[in-house]
Amino acid sequence: MALLTPEDLENINRQLQEADSTVRRVTGLDIKGVCKDFYGTTPCCEKVGIVPVTSGNGIIGNFSGSLHVITEYFGFDSFVTAMPDVSGYYEAVRNGARIILMADDNTFLAHNLKNGKIANNQPCTGRIYAEIASRYLKADSKDVLVVGLGKVGFPGAAHLVNKGFRVYGYDSDKALLEKTVSDLGITLFEPENPRKFSIIFEATPCADTVPEFVISENCVISTPGIPCAISRELQEKYGVELVMEPLGIGTASMLYSVL
Ligand code: NAI
Ligand code: 2YC
Ligand code: MG
């Protein structure tokens, strides 16, 4: 599991605002608007309890603090518990939390205690970044390139198939790629037969995974993957609309999905 670092989360408020303005340019809606449209839900100040968790690699600097900034940015009333783990969970419930947010090294969840709905960050992130990509106002076709078909990429690719896009999939894990191509009925992307795309969705833990020969002028690259899928130089050379943010868009997707 690729874990966030405190550096990834520095100045999360600015990162969120920058991502929001890119999402607005790409889709015509802000992140809130895409989530509202996608899930059919709207927050009304639900109380969110953020519980730090010490298991495994332990508490990540800026993680709980970033979730506090993110939840408030999206219109929730949130607090971080003073205690971690079980005591923190108890504290959150006792202080009136309606939704619990907490993460260990493998699972980041949102649980609505009132309606029982529960969300996992990985599929919620894949679906919302795919949804943003699918709404690109300047797309020249319904062809989409998906790079990375793991816990985040696969749900995103499945969502794009369900929305009627022609998905070209690529993953460096050949066995996984083969299985996904047959499971989802997507087209195998073959780097030896290069072509350009106006919509690209990437979800890998590696840098520079999107080669120059697939990037078209002013294409959108919607990527939760950390580190970034393309270099700053390529982004500027092709005027790429880069939708990339380390935690907030995925968290918004989780929260809207449990309302
Ligand atoms: P995963 O390990 O389940 O899937 C990653 C996939 O990428 C694997 O199938 C792997 O074979 C493939 N891959 C690795 N290098 C590749 C390359 N050079 N070319 C093509 N495919 C390659 O990981 P998961 O959970 O899907 O996370 C993916 C990334 O998204 C990680 O960097 C993670 O930190 C990040 N993430 C970001 C979030 C956000 O809100 N921005 C939220 C959740 C995850
Ligand atoms: O500070 C804490 O409470 C830690 N237990 C949080 C651990 C989060 C680990 N997960 C991740 O870093 C990834 C991120 C890409 C977003 C979701 N999972
Ligand atoms: Mg995000």
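What is the distance in Å between the Cα centroid of the range 34-74 and that of the range 163-184? Between the Cα centre of the range 34-74 and that of the range 163-184, the gap is 31 Å. For Q17 and S55, the FRET efficiency from 1/(1 + (r/R0)^6), where r spans their Cβ atoms and R0 equals 30 Å, is about 0.40.
Normalising by residue count, the range 1-61 has a Cα convex hull of 143 Å³ per residue. All Cα-Cα separations within the chain were binned at 5 Å from zero, giving a P(r) of 1, 6, 14, 18, 19, 16, 12, 8, 4, 2, 0, 0, each value a whole percent of the pairs. Structure shown: which of K36/K114; K47/K138; K114/K138; K142/K237 lie over 31 Å apart, alpha-carbon to alpha-carbon? Pairs exceeding the cut-off: K47/K138; K114/K138. If all Cα-Cα distances of the range 123-245 are sorted into 5 Å bins from 0 onward, what percent lands in each bin, rounded to whole numbers? The distribution over the range 123-245 is 2, 13, 26, 27, 22, 9, 2, 0, given as percents.
Residue order for V147, V53, fewest other beta carbons within 10 angstrom first, comes to V53, V147. Within a Cβ distance under 13 Å of T27, other residues only, what is the Lys/Arg minus Asp/Glu net charge? Charge balance near T27 sits at +1. Fully extending the segment from N115 to E212, taken as 0.36 nm per residue of separation minus the present Cα-Cα distance, adds 30.3 nm. Where both bridge residues fall in the chain, DSSP classifies roughly 25% of the beta bridges as antiparallel. The HN-Hα couplings worked out from phi for the range 78-90 by the Karplus form 6.51 cos²θ - 1.76 cosθ + 1.60 (θ = phi - 60°) are 10, 8, 9, 5, 5, 9, x, 6, 4, 5, x, 4, 4 Hz, whole numbers, x standing for Gly and Pro.
Suppose R0 equals 30 Å. What FRET efficiency, 1/(1 + (r/R0)^6) with r the Cβ-Cβ distance, do K163 and R25 give to the nearest 0.05? My answer for the efficiency is 0.90. Excluding same-chain neighbours fewer than eight residues apart, the lysines reachable from K174 by a Cα-Cα span under 23 Å are K151, K196.
Computed on the range 123-245, with alpha-carbon pairs under 8 angstrom and 6+ residues apart, the relative contact order is 25 percent.
By the beta-carbon count within 10 Å of each Cβ, the least crowded to most crowded order of L160, L184, fewest first, is L184, L160. Sorting 125-131, 149-155 by their mean Cβ neighbour count within 10 Å, with the most densely packed peptide first, gives 125-131, 149-155. Specify the inter-centroid distance of the range 1-29 and the range 229-249, based on alpha-carbon positions, in whole Å. With the range 1-29 and the range 229-249 each reduced to a Cα centre, they are spaced 11 Å.
Every number in this text was worked out from the coordinates using simple rules, so none of it is lab data. Bear in mind the structure is a predicted one, so any value in this text is a computation, not a measurement. Using ideal geometry, Cβ is built from the backbone for each residue, glycine included, and neighbour counts are taken over all protein chains shown.
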